[in-house]
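One structure below.
The values are calculated or read from the model by the stated rules, or taken from the named source; none is laboratory data. Since we're looking at a predicted model, the values are computed, not measured. FYI the Cβ positions are ideal-geometry reconstructions off the backbone, even for glycines, and counts take in every protein chain you see. What goes into the accessible areas is simple: the full protein's heavy atoms, side chains included, and nothing from ligands, DNA or RNA. Shrake-Rupley method; radii C 1.70, N 1.55, O 1.52, S 1.80 Å.
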Amino acid sequence: MNSKIKTKIIASTLLCTMCLYSTPVFALSKDETVYSKMNNKGENYQTLVSTHLENNEELEILNDITDLFNIENTNGEEEFTKEGNSLVWKANKKDIYYQGESQKHLPIECNMKYELNGKEVKAEEIVGKTGQVKIAIQYHNKEEHIITINGQNQKMYTPFVVVAGTVLKNDKNKNIEISNGKVINDGSKTFAMGMAFPGLQESLNMTNMTIEIPNNIEITMDAIDFELGNIVTFVTPKVLEDKDLNFLDKLDEIYNKVSTLEDASNQIQERSATLAEGTNQLVFGTEELKQGTSVAYNGAKQIQSEVTKATKQLTNDKSETLDQNMLNNIGEQAKKSATLSDTQKAQIGNQAQSEAIQTIQGQKVAIGEKAASQVSNLTLTAEQKQQIANQVKLGLETNSNYQALGADQQAIVLQFSQSSAISASETTATQTAKQVANVTAQSVAEEIAGSVANHTAQFVAQTTATQTAQTVATTIAKQVANEVKSQAQKQVTTQMNTLGKGLEQLTSGLGSLNNGTNSLQNGADELNKGAHSLAEGIKTFNEEGLKKICNYMNHDVKDINERVEKLIELSKEYDHFTMLNDDNNSNVKFIMIMDAIKKQEDTKNGKEQAILPTQKSETKEFN
């Protein structure tokens with residue numbers, strides 16, 4: 001057997017044995033291998049089916065049905081009879097191997113395209129050429145079905161796995177690559193094998209997705225004196241076994257968790273939006289608080305400054321309380337009240353004449369003190385008190401220091417000043433009366449004691465009385481006023497110092513509060529920005545990420561899940577190519593052998609022989 005035939009046998013046998021499946025035990029198991037011969041355009045021109053009837057119960061007679069013709073036993077001498085599509089074998093307890101020809105259309109068709117240096121050419125145009133060669137094999141699934149998916153009719157295809165391969169010589173081909181597959185180099189030759197799943201992407205409704213399930217295979221190489229051996233394609237409807245689908249049983253649990261996740265994500269999005277709205281209100285509130293604390297702080301600083309200034313001015317005020325005009329008026333009033341009557345003048349003159357200096361020397365002090373003690377405390381009338389209060393108020397209202405005080409401070413100073421003035425006036429009146437009495441008595445005594453003539457004594461007495469009254473009244477009034485002012489200054493200064501310390505503490509506290517509100521406002525702004533960023537991020541994550549994932553899981557994945565289950569059903573249903581009894585089990589696979597592309601002298605009638613494996617020792621040529 002020459003090397004070419006050996007190569008073909010090895011390739012065909014390898015592809016056949018790669019995907020053999022075990023079958024359960026039935027009375028009769030039928031295994032079909034469909035060989036099809038194709039030209040280099042991918043067109044099928046001959047189909048041969050090799051059938052193995054597995055006689056598990058060692059029956060003498062095996063009943064089969066088939067639409068094949070030119071049937072012959074390929075492994076033994078067992079005979080058969082055929083009537084119509086009925087086929088009866090005298091099995092003699094043995095397995096039966098037979099083959100026959102078919103004119104049925106294959107479930108998978110292919111289309112071949114060739115390129116040389118990027119330009120599409122025909123097969124006969126590329127043979128013997130040198131350059132970059134590309135061979136594209138496009139597979140078409142012809143087993144179309146209308147299946148109900150989620151209540152809608154959908155187009156689906158029986159799932160087929162396509163494995164295609166060829167052998168290339170390394171001395172004439174370099175940089176060999178194959179899509180969706182692998183190349184194996186043994187040094188002298190390279191075996192290139194790729195896979196395709198025609199119709200599967202459409203069946204799974206994944207045409208609009210980025211995932212691409214291949215339905216074609218491409219082989220590229222840098223060729224010298226290009227030739228191509230047979231391309232052998234193996235096709236089986238067995239995509240997945242039942243045990244491979246156990247993961248689908250857990251999808252319902254995943255769907256429930258996805259729904260829970262989606263609900264939780266929606267709640268998080270709502271809460272984050274509420275948080276962002278709350279931080280908006282917080283920012284607004286901190287802004288108002290900041291404005292309020294700033295106003296309070298600035299106001300407190302101004303009040304503190306004015307109180308400090310007023311306290312300093314009050315402490316340093318050394319001016320006289322009563323001006324000269326007021327003192328003159330007091331003196332004139334005292335002079336008028338000190339005028340002696342004629343009787344008094346006569347008495348004084350007489351007394352001055354009759355009583356000597358010794359009398360006044362011994363009794364002067366006693367007389368004055370006695371006269372003073374006889375003067376009782378004077379009480380002002382309500383009208384006098386009101387007049388004094390009005391005068392104090394009028395005087396304060398013209399005072400700039402008083403005007404600089406606040407309303408509360410003004411009320412305190414006014415009340416204190418009015419009370420002090422009334423009390424001082426009553427005290428002053430009483431003291432003045434006592435002093436006047438004392439002085440007047442002494443003066444009278446001195447006039448009485450004088451040895452001056454009556455007229456002189458009267459004149460001196462009158463003059464002394466008026467001058468003394470004027471002097472005493474103005475002096476006492478000035479002393480009393482200054483004393484009142486001093487006491488008022490002390491009390492007011494003490495209170496204003498206390499007020500100043502309180503304002504200092506208040507201002508310091510408001511300053512700290514103002515600085516704190518700055519930090520609070522900055523923190524609220526950062527919190528607000530973070531809350532809005534969080535809300536936007538969660539919204540984006542939820543709406544553009546998680547919802548799409550959940551929607552994909554609840555719709556696309558569920559749809560794909562149901563489609564996968566339908567595909568398994570279609571795969572199980574496609575278990576034979578010819579015909580099958582209802583009580584028999586079967587499986588089927590396809591081997592498509594494409595003509596080689598050779599120079600004319602290397603081919604027989606333009607076609608290379610394809611060798612099909614049989615159970616007999618000899619080989620069968622597949623022309």
Next on the checklist: Quick one: the Cα spread of the range 155-195 along its three principal axes, in angstroms, biggest first?
Outcome noted: 47, 13, 13
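In the range 108-176, carbon and sulfur make up what percent of the accessible area (probe 1.4 Å)?
Values: 1470 of 3590 Å².
C and S fraction of accessible area: 41 percent.
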Checklist entry - What's the FRET efficiency of Asn153 with Thr207 using the Cβ-Cβ distance as r and R₀ = 22 Å, to the nearest 0.05? => result 0.85
Checklist entry - Remind me, relative contact order of the range 39-136 in percent, using alpha carbon pairs under 8 angstrom and six or more residues apart? => result 31 percent
Checklist outcome for this item: Amide H proximity to Val121 below 5 Å, modelled H, separation 5+ or other chain, gives Tyr114, Glu115, Leu116
Checklist outcome for this item: On the formula 1/(1 + (r/R0)^6), with r taken between the Cβ atoms of Asn390 and Gln495 and R0 of 25 Å, the FRET efficiency rounded to 0.05 is 0.60
Checklist entry - Distance in nm between label sites at Thr315 and Ser486, each 7 Å beyond Cα in the beta-carbon direction? => result 1.8 nm
Item to check | Approximate spin-label separation Gln363-Asp583, in nm, with each point projected 7 Å along Cα-to-Cβ | outcome: 17.5 nm
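Expressed as a fraction of 2.2 N^0.38 Å, the rule-of-thumb size for a compact globular protein of N residues, what is the C-alpha radius of gyration of the range 390-431?
It is 1.27.
Quick check on the range 31-86: take the gyration tensor over C-alpha atoms, sort the square-rooted eigenvalues as a ≥ b ≥ c, and tell me if it's rounded (a/c under 1.5), prolate or oblate.
On the way: a/c = 2.75, a/b = 2.13, b/c = 1.29.
Prolate shape, in that a/c is at least 1.5 and a/b is the bigger ratio.
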Checklist entry - How large is ³J(HN,Hα), in whole Hz, for each residue of the range 86-102 in order, when computed from phi with the Karplus curve 6.51 cos²θ - 1.76 cosθ + 1.60 and θ = phi - 60°, using x for Gly and Pro? => result 7, 10, 10, 10, 8, 7, 6, 6, 9, 6, 10, 10, 9, 9, x, 9, 9
Checklist outcome for this item: So Gln281 and Ala123, fully extended at 0.36 nm per residue minus their Cα-Cα distance, gain in nm 49.1 nm
Checklist entry - With the Cα gyration tensor of the range 67-207 giving a ≥ b ≥ c as the square roots of its eigenvalues, does the rule (a/c under 1.5 for rounded; else a/b larger than b/c for prolate; else oblate) give rounded, prolate or oblate? => result oblate
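Quick check on packing: order 585-595, 38-48, 65-75 by the mean number of other C-beta atoms within 10 Å, highest mean leading. Before the final figure, lay out the partial values.
Details: 585-595: 22.6, 38-48: 17.1, 65-75: 15.3.
Result, highest mean first: 585-595, 38-48, 65-75.
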Next on the checklist: Testing the spin-label approximation: label points 7 Å from Cα along Cα→Cβ at Thr260 and Ser341. State their distance in nm.
Outcome noted: 12.0 nm
Checklist entry - Using the beta-carbon distance between Lys189 and Ile71 and R0 = 35 Å, what value does 1/(1 + (r/R0)^6) give for FRET efficiency, to the nearest 0.05? => result 0.40
Checklist outcome for this item: Counting only backbone N atoms under 15 Å from a point 7 Å out along Cα-to-Cβ of Val88, the residues of the range 41-68 in range are 60-66
